[in-house]
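S.K.: One structure, as C-alpha cells, below. Some questions next.
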Amino acid sequence: MNRLTKYFFNIILYTLPLSVWADQYPINNNIDIKHYSFQLRLTDSNDEIIGITQVTVNFKQAGMQNFRLDLINKSSEKKDKGMVVEGVSISNATVKYTHENDALIIYLPKSSVANETITFKIKYHGIPFDGLRIGATKFGDRSFFNENWPNRGRHWLPILDHPNDKATSEFIVTAPDHYKVVSNGLLLEESSLGNNTKFTHWKQSVPVSSWLFVLGVADFAVQYLDDFEGKSIQTWVYSKNREAGFYDFKEPTKKVLAFYTKYVGPYAYEKLANIQTPSVNGGMETSSAIFYGEDLVNGKGDERTRNIVIHEIAHQWFGNALTESTWDDAWLSEGFATFFTLLFIENEYGEAEYKKGIIKAKKSVFDMTVKMPDFSIIAPRTAEKEAVTTGLTYQKGAWVLHMLRDKMGEQNFQKGIQSYYKKFYNANVTSNDFMVEMEKASGLDLKIFFKQWLYQPVNPKIDATWSYDAKSKKVNINLTQTQLTDFNFDLPIEIGYYTKDSKTPLLLKMNLNKKQLSQSFNVKGIPENIEVDPRNVLLSSNTITKK
C-alpha cells in the first residue's frame, strides 16, 4: 500500500458508516420463518435419512410469488450424497418447486398477502454429505451427530441457512430403540413404537438461528445433575464414558449460569445439557444442548475442559440469544464468549487468573497477526465462500472488550452489556447496535475506538524514550507510533514509573493521537524504571529506552 493509498484509507476508515459491511448471502428481508418441524427417520441398515420438514413462513410483503431455502442437492461430485426432494405441499395440496444448485425454490399457489403466514411441508431423503455425521464414536459404536456451523445445516435440513433469521423448532425422530435422542429445548415425548423402534420428540420454543439446531443420537448415559431457576442441568455422555463424563461435567455449569444471569441478563432456554460428541473437537454452543468433543471427557475435570464449558455456556448469551446479523460480525459471538470466559474466571478464580488469560490472548493476537496481517475483525465475509472466523476473531475480539471495559469503567461497562442484552434479547444484532448501547451507558463517543480496533487489521507499535531532568524534577517522555503503515491510532496511553520507594507503578497519562508525541511531567522521586502500559490495557507492542 503506497503512501497516497494509505492516506485515503485513513480518510475512509474514519468516515465510513459502521453499517456498510454485509456478507453476500441472498438475504430476503420480506420473509420471516417462524417455525421448523423436522421429522426424521433414522436406521442402522444404511445412512439414508428420510425427512419431512414443515416450515412456517410469514410473508411480510404482498405480491410475493416464491421464496428460497438452502438444501444440498444429491450429486456425483458429492459421491451421490445429498438430498432429493420428493414433493412440497400446503395442506396436502401440492405446490411447484425447483431444487437446483443447492437451492430449494418454493412457489406460492397465488401471490402473498401482506403479513400472511403459510406452513409448507417438504418431503425429502438422502445421505448427508456433511452436516450430519453418521458413524462410529471413539468406542466404535454407531451414532448420529450434527455439526451445522457455520452453514452446513443445509446438508441435511431444508432451512434458511444464515444467522439473520431466527425460528422456533422441533425434532421428531424415529430411530432404533437402543439409541437415546437429544435435541434443543424440552423433551415432549419418548415412546416405544414396537419393532425395535423408538419415537422421540423435542421442542424448543425460543427462536434461534438455524446453525444452532442440534441432534445427537447415540448410546447415551444421562444424568439430571441439577437445576437452575427451575431449568434442568443435564449431562449426556456415552454409556462407556459414564463415570468420567458425569465427573467432568459436574462443574462449573451452575456457577456459570448464575454468574452470567447476574452480570448480563436471564438465561434464554428451557434447559442446559452438556453432550459428548464425535462431531466436534472442542465445543459447539448449540442452544440449550451444547456439544463437546468426545476426547475432552477424560475423568480428570481438567482446566481445558472446564474453560471450554465456560466458553460454550457464555455463547448461550452471546451468539445464541444475541446473534450476529451477518457473518461480518462474528466477533459478537466468538470475541464475546472468549472475553466472558475470562470474566467468569476472574470472578470465580481470581484476578491473577484473568490477567494470565489476557496476557496469553495478547501473545496469540501478535503471533496470529504476523501470519494474517490483513485480517480485520469486521470485514465482508460470506460463509459460502470463505472462513468467517480465525483465531483473531476470538482473541482480538476479547481484547477489544478488555480495552472497552477499562475505557468505560466496570460499572458503565456492565450497565451497557445489560442494556444491550435486554434490548436485543433473542434477536439479531450488529456491531453498531452494540456500540450505541455502550455509548449510552458511558456517555462516550466510541466511534473512533470501534473503527480503529475492529475495521482495520493493524495493531499499534509504540517506541518510547525517556529522560529525567533532576533540576526541574521532570521526566520527559517521547512516544512514536512505528507500526508498518501510515495509519495512526488515537490511543490513551499510561506510563508507569517506579522510584526506589514505590512497589507499584505511579501512573502518568498521555493521549497519542498522532505519529509522535513528547510530554514532560512533574514526578515524585527519581524514576528508576519506566513502563509503557503497566496495567496491560492496550493491545500494543511496546519498547522503551532511557536516553
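The values are calculated or read from the model by the stated rules, or taken from the named source; none is laboratory data. Everything quoted here is computed from the prediction, not taken from an experiment. Neighbour counts run over all protein chains shown; Cβ positions are idealised from the backbone, glycine included. To get the accessible areas, we keep the full protein, side chains included, count just its heavy atoms, and leave off ligands, DNA and RNA. Shrake-Rupley method; radii C 1.70, N 1.55, O 1.52, S 1.80 Å.
S.K.: In the range 46-148, what is the volume of the convex hull around the alpha carbon atoms, normalised per residue and reported in Å³?
M.R.: Values: hull volume 11.8 nm³, N = 103.
Convex hull of Cα atoms, per residue: 115 Å³.
S.K.: Also, I was wondering about something else. Where the Cα atoms of the range 96-161 are projected onto their three principal axes, how long is each span, largest first, in whole Å?
M.R.: 54, 22, 19
S.K.: Shape of the range 159-266 from its Cα gyration tensor (a ≥ b ≥ c, root eigenvalues): rounded if a/c is under 1.5, otherwise prolate when a/b > b/c, or oblate? Intermediate values should be presented prior to the final figure.
M.R.: On the way: a/c = 2.11, a/b = 1.15, b/c = 1.83.
Cα axes put the range 159-266 in the oblate bin.
S.K.: Within the range 332-441, report the GluC sites (Glu not before Pro) that DSSP leaves as loop and that have at most 11 other Cβ atoms within 10 Å. Intermediate values should be presented prior to the final figure.
M.R.: Values: sites: Glu334, Glu346, Glu348, Glu351, Glu353, Glu384, Glu386, Glu410, Glu437, Glu439; in loops: Glu384, Glu386.
When the GluC sites (Glu not before Pro) of the range 332-441 are filtered for loop state and at most 11 Cβ neighbours within 10 Å, Glu386 remain.
S.K.: As an exercise, identify the trypsin sites (Lys or Arg not before Pro) in the range 76-145 lying in DSSP coil whose Cβ has no more than 16 other Cβ atoms within 10 Å. Before the final figure, lay out each step's value.
M.R.: Values: sites: Lys78, Lys79, Lys81, Lys96, Lys110, Lys121, Lys123, Arg133, Lys138, Arg142; in loops: Lys79, Lys96, Lys110, Lys138.
For trypsin sites (Lys or Arg not before Pro) across the range 76-145 that sit outside H, G, I, E and B with at most 16 neighbouring Cβ atoms in 10 Å, the list reads Lys79, Lys96, Lys110, Lys138.
S.K.: After finding the eigenvalues of the alpha carbon gyration tensor for the range 443-499, what semi-axes result from the square roots of 5 times each, listed largest first in whole Å?
M.R.: Details: eigenvalues 173, 46, 14 Å².
Working through the eigenvalues yields semi-axes of 29, 15, 8 Å.
S.K.: Next question. Considering only DSSP beta bridges with both partners in the range 207-321, what is the antiparallel share in %, to the nearest 5?
M.R.: Details: 10 of 20 bridges.
About 50 percent, rounded to the nearest 5.
S.K.: Any idea what % of Cα-Cα pairs in the chain are farther than 38 Å?
M.R.: Values: 54540 of 149331 pairs.
Summing the P(r) tail past 38 Å for the chain gives 37 percent.
S.K.: When you take every Cα atom in the range 320-461, what is the radius of gyration, and what is Dmax, the widest Cα pair distance, in Å?
M.R.: 14.7, 42
S.K.: Quick one: compute the contact order of the chain, relative version, from alpha carbon pairs under 8 angstrom and 6+ residues apart, as a percent.
M.R.: On the way: 1206 pairs, mean separation 58.8, N = 547.
Taking the mean separation of contacting Cα pairs over the length of the chain, I get 11 percent.
S.K.: Quick one: accessible area per residue over the chain, 1.4 Å probe, rounded to a whole number of Å²?
M.R.: Working: 23490 Å² over 547 residues.
Accessible area per residue, the chain: 43 Å².
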